[in-house]
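Colleague: Let me begin by handing over the structure; questions about it come next.
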Amino acid sequence: FAVYGAPVISGHGKWLGIVIVLHDITELKRLEQIRKDFVANVSHELRTPVTSIKGFTETLLDGAYEDRSSLLMFLEIIQKESNRIMLLIQDLLDLSKIEQSGFHLNLGDTDLNHVAARAAETVQLAASDKNIRLVIETASDARIQGDADRLLQVVTNLLSNAVVYSPEDTEIWLRIKEGKRHVTVEVEDQGIGIAQQEIPRVFERFYRVDRARSRNSGGTGLGLAIVKHLTEAHHGRIQVISEPGQGTTFQVVLPRTQPE
Ligand code: ADP
C-alpha cells in the first residue's frame, strides 16, 4: 500500500483530524517488476553472445588468426553468435509490435492445410537431421479468416519446438481438425514433455523449463509468447497437454470467422 496523510483544519484554524488515504499499488508493483525482469532478461540474453564474440575476436587479434583451423573455427562461432543476436532482436521487435494496441492482422481467406504444409517444409531439414518423421493429417475444409503469414509463424514455431524438444528417431504429428465454427491445429511430439506446473509459465517471455538446454538449442525464449499473442489476436485459444518423458501436444483452436 502507498499511504498518504493530510491534516484537516477548519476555517478558524482548529485541528479537526487527519485524512489518511491507502492506495493499493499491488498491480503497479507487479507491472514494475515485470518490466524490470524483462530488461534484465534482455540484457542477459544479449550479453552472453556479445561476450563470446568479444572473447573470440580478441583471441584472433592476439595471433590465433595465423592458425588456419582456429581461424575458421572461431569465425564460425562468431557467425553463430551474431545470428543469435539477430534472431533475438527480430523476436523482440516482433513481440513489441504484436503487443501494441494498434496492431492489426492482415486478414484474408486462409487455408490451414496450406499453412501446415509450408510450416512442415521449413522444419523438414531439422527434423531429418534427428531422424524425426513428420506426419501431416489435413482436413477436408480447413479454410478460415486469418492472417496467413502470422498463422504460418504460429505453426512453424510449434513445429520447430517439437523438433528441438524431441529425441532422435521419434515422430511428430501435425493435424488439422475441422469443426463447424473452428479449425484446430495440433502438434504432437514424443519429446521430453512439460511438467503440469510449468505449462502456464512456458508462455511467459524468456521462461524456459531448462535454461541451459533451451539456450543451446538456439531458441530465443520468446517463441511461445509470440504464438500465444498471435493466437489470441485471431480470437483463438491455445491448450497444452503433456506428460513428462512421454511427449507434448499443443492445440491451437481458431474460429473460422473473425468478429467485425
Ligand atoms: P525457446 O526458444 O526456449 O524454445 P519458447 O518460448 O518457444 O522458447 O518455449 C519456452 C519453453 O517451453 C522452452 O524453453 C521449453 O522449456 C518449453 N517447450 C516449448 N515447447 C516444448 C515442447 N514441444 N516440448 C517440451 N518443452 C517445450
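The values are calculated or read from the model by the stated rules, or taken from the named source; none is laboratory data. Note that this is a predicted model, so its numbers are computed, not measured. Cβ coordinates were reconstructed from backbone atoms using ideal geometry, including for glycine residues, and neighbour counts include every protein chain displayed. Remember, those area values only see protein heavy atoms, side chains included, never the ligands or the DNA or RNA. Shrake-Rupley method; radii C 1.70, N 1.55, O 1.52, S 1.80 Å.
Colleague: Please pick out the residue among 242, 214 that is modelled with pLDDT of 95 or more and crowded, with 16+ Cβ neighbours inside 10 Å.
Modeller: Working: 214 fails: modelled with pLDDT of 95 or more.
Of the residues listed, the single one that is modelled with pLDDT of 95 or more and crowded, with 16+ Cβ neighbours inside 10 Å is 242.
Colleague: Another question, then. How about the range 226-238: which of its residues are open to solvent by less than 70 Å² (accessible area, probe 1.4 Å) and out of contact with any helix residue (DSSP H, G or I) (no Cβ under 8 Å at 6 or more places or on another chain)?
Modeller: 236
Colleague: Can I ask one more? Please name all residue pairs, on different chains or six or more residues apart, with Cβ atoms under 9 Å, provided the first residue is in the range 222-240 and is in a loop (DSSP other than H, G, I, E, B) and the second residue is within 11 Å of the ligand (Cβ to nearest atom) and basic (Lys, Arg).
Modeller: What qualifies is 222/205.
Colleague: Which residues, counting only those in the range 54-86, are hydroxyl-bearing (Ser, Thr, Tyr) and under 26 Å from residue 43 (Cα atoms)?
Modeller: Initially, the range 54-86 is screened for residues hydroxyl-bearing (Ser, Thr, Tyr), giving 57, 59, 65, 69-70, 82.
Matches in the range 54-86: 57, 59, 82.
Colleague: On to the next question. Which ones in the range 82-105 are surrounded by 12 or more Cβ atoms within 10 Å (Cβ to Cβ) and either of a type in the set (A, V, I, L, M) or part of a loop (DSSP other than H, G, I, E, B) (or both)?
Modeller: 85, 87, 88, 89, 92, 95, 98, 103, 105
Colleague: So which residues in the range 182-213 are closer than 16 Å to residue 113 by Cα and in contact with a Pro (Cβ under 6 Å, 6 or more places away or on another chain)?
Modeller: 182
Colleague: Checking the structure you have, find out if any residue of the range 218-225 is out of contact with any Phe, Trp or Tyr (no Cβ under 9 Å at 6 or more places or on another chain) and surrounded by 19 or more Cβ atoms within 10 Å (Cβ to Cβ).
Modeller: So the first thing to find is which residues in the range 218-225 are out of contact with any Phe, Trp or Tyr (no Cβ under 9 Å at 6 or more places or on another chain), and the list is 218-219, 223.
Of the ones still in play, those that are also surrounded by 19 or more Cβ atoms within 10 Å (Cβ to Cβ) are 219, 223.
Taking every residue of the range 218-225 in turn, at least one turns out to be out of contact with any Phe, Trp or Tyr (no Cβ under 9 Å at 6 or more places or on another chain) and surrounded by 19 or more Cβ atoms within 10 Å (Cβ to Cβ).
Colleague: If you don't mind, another one. Of all helices (runs of 4 or more DSSP H) completely enclosed by the range 106-221, which ones contain at least 1 residues that are away from the ligand (no atom under 12 Å from the Cβ), under 20 Å from the mean Cα position of the chain (by Cα) and at negative phi? Break it down stepwise before answering.
Modeller: Details: elements: 112-129, 148-164, 211-216.
Output list reads 112-129, 148-164.
Colleague: Return the residues of the range 1-44 that are open to solvent by 100 Å² or more (accessible area, probe 1.4 Å) and in contact (Cβ under 8 Å) with a residue 24 or more places away in the chain; say none if nothing qualifies.
Modeller: 1, the sole residue that qualifies.
Colleague: Residue pairs, Cβ under 7 Å, 6 or more apart or interchain, first in the range 178-197 and touching a residue at least 40 places away in the same chain (Cβ under 8 Å), second acidic (Asp, Glu). List them.
Modeller: Correct list of pairs: 190/171; 193/243.
Colleague: Follow-up question, since we're still on this one. Among the residues of the range 222-260, write down those that are among the small types (Gly, Ala, Ser) and within 8 Å of the ligand (Cβ to nearest atom).
Modeller: Just the residues of the range 222-260 that are among the small types (Gly, Ala, Ser), to begin with: 223, 225, 233, 236, 242, 245, 247.
Answer for the range 222-260, where residues must be among the small types (Gly, Ala, Ser) and within 8 Å of the ligand (Cβ to nearest atom): 223, 225, 242, 247.
Colleague: Follow-up question, since we're still on this one. For the range 155-175, what are the residues that are out of contact with any Gly (no Cβ under 9 Å at 6 or more places or on another chain) and buried (at least 21 other Cβ atoms within 10 Å of the Cβ)?
Modeller: Once the filter is applied, which keeps residues that are out of contact with any Gly (no Cβ under 9 Å at 6 or more places or on another chain) and buried (at least 21 other Cβ atoms within 10 Å of the Cβ), the range 155-175 yields 155, 159, 174.
Colleague: Can you tell me which residues in the range 100-148 are free of Cβ contacts under 8 Å to residues at least 24 places away in the same chain and of a type in the set (A, V, I, L, M)?
Modeller: The answer is 117, 125.
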